[in-house]
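Asks: My questions will all concern the structure given below.
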Amino acid sequence: MDQVPGSPQGPQGAPSLPTCYRHPDRETGIRCTRCERPICPECMINASVGFHCPECVREGSGTGHAPGASQPRTLAGGAVTSDPRLVTKILVGLNLAVYLVQLSVGDRFTDSFDLIGRAFVPVLGGVEGVAEGQWYRMVTAMFLHGSYIHIAFNMLSLWWIGGPLEAALGRARYLALYGVSGLAGSALTYLIAEPNQPSLGASGAIFGLFGATAILMRRLNYDMRPVIALLVINLIFTFGWSNIAWEAHIGGLVGGVLIGYAMVHAPRERRALIQYGACALVLLAVVVMTLIRTGQLT
């Protein structure tokens, strides 16, 4: 039976969302405000009212401007690019490259860059840690992994969650979300965990992506059940298994929710100020937690 465009019916006559005219495998509840084509987050371009599709932007659509006068923008105001997964690919490649170095060099490399508060590290022959002024460990630990399963699970999550989110936010905003969420996870770990407990992994940043994805799906009126179910499963693993730094997961998740909300709900007139201001506030919280813990350990 043929379906009327824009009014699809699911099983047994139940209504379902239309699909993007450029990506038929993606359901969407958003339409171009000029031609009314259904458009997914990757195809949405901000306009003074609602969103436009790429064709209407290229053609000018009676706006009085030349087709190239207005640069296409993502839902969050980022530039639309030809490869919307480029940053995600670079992050996956960087994590894999660092893991290969870990395998080649051994524990000395890992112990030199993982997150540790303050402890004697035998392989390095001295007291090491963030409290000793090694602030870089809060960043470098985000790119280290403890096993094949650890990095495989994290990289699959990063690819599955990160790609669509990068397309919706744009490269700069997506990278800011990833980095600040990861630092929030590192800071909470440093603040709460035992000072001699090493921590490593991209999980803090990835949980930040989970949080921002939930906010984005809510903003677009998508079905929240899949992402909530996946988040619950990850939290069960977080608190149900030993040797998992739950502090990094929770810190990253909270940071991702706060930044994600600012990214997708900021008014167009002050969008960049609010978006990057939210990142700055989370970074401020990171600095405060770090200084408090350092004062406790020194």
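Asks: Working only within the stretch 84-97, note down all residues that are buried (at least 20 other Cβ atoms within 10 Å of the Cβ) and of a type in the set (Val, Ile, Thr).
Replies: Selection gives VAL87, THR88, VAL92.
Asks: Does ALA131 satisfy being farther than 30 Å from ARG271 by Cβ, touching a Lys or Arg at 6+ places or on another chain (Cβ under 9 Å), assigned to a helix (DSSP H, G or I) and not β-branched (Val, Ile, Thr)?
Replies: yes
Asks: Now for a different question. Please state which of the following conditions GLU132 fails to meet, knowing it meets all the rest: (1) crowded, with 21+ Cβ neighbours inside 10 Å; (2) over 20 Å from the mean Cα position of the chain (by Cα).
Replies: Condition (1) is where GLU132 drops out.
Asks: Right, something else. Within the stretch 180-194, does at least one residue satisfy the condition of being surrounded by fewer than 22 Cβ atoms within 10 Å (Cβ to Cβ) and in a loop (DSSP other than H, G, I, E, B)?
Replies: Yes, the stretch 180-194 contains a residue that is surrounded by fewer than 22 Cβ atoms within 10 Å (Cβ to Cβ) and in a loop (DSSP other than H, G, I, E, B).
Asks: Whether any residue in the stretch 242-256 is at positive phi, out of contact with any helix residue (DSSP H, G or I) (no Cβ under 8 Å at 6 or more places or on another chain) and loosely packed, with under 14 Cβ neighbours inside 10 Å is what I want to check.
Replies: Looking for residues that are at positive phi, out of contact with any helix residue (DSSP H, G or I) (no Cβ under 8 Å at 6 or more places or on another chain) and loosely packed, with under 14 Cβ neighbours inside 10 Å, one finds at least one in the stretch 242-256, hence yes.
Asks: Within the set of pairs 6+ apart or on separate chains, which have a first residue in the stretch 206-232 that is at positive phi and modelled with pLDDT under 90, a second that is small (Gly, Ala, Ser) and surrounded by fewer than 17 Cβ atoms within 10 Å (Cβ to Cβ), and C-beta atoms under 7 Å apart?
Replies: ASN221/GLY29
Asks: Now a separate question. Could you figure out which of (1) assigned by TED's automatic domain parsing to the domain that holds GLY251; (2) surrounded by fewer than 20 Cβ atoms within 10 Å (Cβ to Cβ) isn't true of THR81?
Replies: Checking THR81 against (1) assigned by TED's automatic domain parsing to the domain that holds GLY251; (2) surrounded by fewer than 20 Cβ atoms within 10 Å (Cβ to Cβ), the one that fails is (1).
Asks: Another question about this same structure. So for the stretch 103-114 (the condition being within 30 Å of ARG271 (Cβ to Cβ), without any contact (Cβ under 8 Å) to a residue 12 or more places away in the chain and of a type outside the set (S, T, N, Q)), does at least one residue qualify?
Replies: Within the stretch 103-114, not a single residue is within 30 Å of ARG271 (Cβ to Cβ), without any contact (Cβ under 8 Å) to a residue 12 or more places away in the chain and of a type outside the set (S, T, N, Q).
Asks: In the stretch 286-297, which residues are buried (at least 19 other Cβ atoms within 10 Å of the Cβ) and touching a Leu at 6+ places or on another chain (Cβ under 9 Å)?
Replies: Selection gives VAL286, MET289, THR290, ARG293.
Asks: Would you please name the residue that is nearest to GLY185 (Cα to Cα), looking only at residues in the stretch 241-290 that are at pLDDT 90 or above and among the hydroxyl-bearing types (Ser, Thr, Tyr)?
Replies: THR290
Asks: Can you pull out every residue in the stretch 195-226 that is more than 19 Å from ALA76 (Cα to Cα), out of contact with any helix residue (DSSP H, G or I) (no Cβ under 7 Å at 6 or more places or on another chain) and assigned to a loop (DSSP other than H, G, I, E, B)?
Replies: ASN196, GLN197, PRO198, ASP223
The values are calculated or read from the model by the stated rules, or taken from the named source; none is laboratory data. Predicted model only: the values in this text are computed from it and were never measured. Positions of Cβ are generated from backbone atoms using ideal geometry, with glycine treated the same way; all protein chains shown enter the neighbour counts.
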